[in-house]
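Structure first, commentary second.
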Amino acid sequence: MTGSHKTIEFTFERKIPAPPDEVYDAWLDPAIPGNPWNAAEEFLLNPKVDGLFYWTLKGTSHYGRFTAIEWPGRIQHTWVSPNTLGQESVVTVTFEKQGEDTLMTLVYFGLPDHELARGHERGWSYFPGVLSLAIQKWATQELPVGRRASGRGDGMRSFRGRQGSEGVGAGGSHRYFDAMQVTLLPAAECPGDGRK
């Protein structure tokens, strides 16, 4: 007998002051605060369709498989952790141009309706706000960063802030990040926390 299980979904939106290609690239760059890869203590990341990822945070494993990589508009991957009760859930992130900015929308669905899974709302709401703050710092301080991880084929991508500063490829990112002294804030303290 097959039973249906109730699931929950979370949606977060954030307007980010950069074009979609830069926000997309920042989302996949482990050197940039505001994405799950940056939060990991250790990770494996292969952002291409059917590519796998694995990361740990506070000793807890998280893993999944990329199901869509559509530069610069959409990334989708599965997500499994102890808090999904071992069930596969899905994270979809879209990047829509709005003038000179990007509307980033993160939809997380297929989570079991359970207290542990509901804790993902706090975790995933954190990322868009921190990513926006990091990009704003880079743009206003003209600090270039960026390492292309999207699997578009060129292996490298520079980050260019609103001020027009050109970034460097892999290897230089961490140096610029250290110079910025970005402070990570709890989601509740981020301007316009993005909850929809």
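Read-outs: derived from the displayed coordinates by stated rules, not from any lab. Quick caveat, the model's predicted, so the values are computed rather than measured. Here the Cβ is made from the backbone with ideal geometry for all residues, glycine too, and neighbour counts use every protein chain on show.
Straight-line reach from K48: which lysines fall under 29 Å, measuring Cα to Cα and dropping same-chain residues less than 8 apart?
Qualifying lysines at Cα under 29 Å: K15, K58, K97, K137, K196.
Roughly how many nanometres apart are two label points built 7 Å out from the Cα toward the Cβ at E9 and E96?
1.4
If r is the Cβ-Cβ distance from E88 to E42 and R0 is 22 Å, what FRET efficiency results, to the nearest 0.05? Please report the intermediate quantities before stating the final value.
On the way: r = 22 Å, r/R0 = 0.99.
Approximately 0.50, to the nearest 0.05.
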